[in-house]
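Engineer: After the structure tokens below, expect a handful of questions from me.
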Amino acid sequence: MPRVLSVTRSIVVDVPPDEAYAAVSRPGDMGRWSPENLGTAAGTPDGPATPGTSFVGRNKRGAFRWVTRCTVTAADPGRRFSFRVHAIGVRRPRLRGPIATWEYRFAAEGSGTRVTETWTDDRRAWPDAVAAAFDRVVTGDRTFAEFQVGNIDRTLRNLKRELEAARRT
């Protein structure tokens, strides 16, 4: 079976597109919703990120911790936010190379917003067999695509819960 290189999931959140975008475009806040991300390392600007903004993401999976170097590639308020992950390491992101791209799209739907999150595997140079073996070791015997479906679903549910709760208060 060929390697799945992209996963897309979406959810409708009862807030306007600009509000959903404002939350997601702050990389340091992602740790509040993501099951893997812990936010960003010190030095990341607090405001919404703009194209070219670089940040170090802190991550965890079980007992394992790592960091990634990311660069914002699109920041179109109320419509699209994306960044690419291009370095990884344990304490510092030293190993450079294409890893993944994360994209969020925002579209008005009724009185709310459809938030669509896409993960794209940028490890295109990796042979499929090598990627499959690596993926199964680091995800508990799943492909990254299968693993990311669960992560994205949890992230979107948590984002929805937080944004809608903030609107009710």
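Engineer: Could you check, for region 135-143, whether at least one of its residues is under 30 Å from residue 52 (Cβ atoms), in contact (Cβ under 8 Å) with a residue 24 or more places away in the chain, surrounded by 17 or more Cβ atoms within 10 Å (Cβ to Cβ) and out of contact with any Phe, Trp or Tyr (no Cβ under 7 Å at 6 or more places or on another chain)?
Structural biologist: No, region 135-143 has no match at all.
Engineer: For region 99-121, give me the residue count where each residue is in contact with a strand residue (DSSP E or B) (Cβ under 9 Å, 6 or more places away or on another chain) and not in a strand (DSSP E or B).
Structural biologist: Going through region 99-121 one residue at a time, the tally reaches 1.
Engineer: Same structure again: Those residues that are outside any loop (DSSP other than H, G, I, E, B) and open to solvent by 10 Å² or more (accessible area, probe 1.4 Å), I need them from region 122-134; list them, please.
Structural biologist: Residues satisfying the conditions are 128, 129, 130, 132, 133, 134.
Engineer: While we're looking at this one, here's another question. Mind listing whichever residues of region 32-46 are within 16 Å of residue 21 (Cα to Cα) and open to solvent by 30 Å² or more (accessible area, probe 1.4 Å)?
Structural biologist: 32, 46
Engineer: Then there's this: If I ask for residues that are within 18 Å of residue 36 (Cβ to Cβ) and β-branched (Val, Ile, Thr), which ones from region 80-114 would you list?
Structural biologist: The answer is 85, 88, 90, 99, 101.
Engineer: Now a separate question. For residue 110, are the conditions met, namely being of a type in the set (Gly, Ala, Ser), over 15 Å from the mean Cα position of the chain (by Cα) and open to solvent by less than 20 Å² (accessible area, probe 1.4 Å)? Please lay out each step first, then the result.
Structural biologist: Numbers: of a type in the set (Gly, Ala, Ser): yes; over 15 Å from the mean Cα position of the chain (by Cα): yes; open to solvent by less than 20 Å² (accessible area, probe 1.4 Å): no.
So residue 110 does not fit the description; no.
Engineer: Just one of (1) out of contact with any strand residue (DSSP E or B) (no Cβ under 9 Å at 6 or more places or on another chain); (2) farther than 14 Å from residue 117 by Cβ trips up residue 33, so point out which.
Structural biologist: (2)
The values are calculated or read from the model by the stated rules, or taken from the named source; none is laboratory data. Bear in mind the structure is a predicted one, so any value in this text is a computation, not a measurement. Quick reminder, even Gly has a Cβ in these numbers, built from the backbone with ideal geometry, and neighbours come from all protein chains shown. Accessible surface is based on the protein model in full, side chains and every heavy atom, while ligands, DNA and RNA are left aside. Shrake-Rupley method; radii C 1.70, N 1.55, O 1.52, S 1.80 Å.
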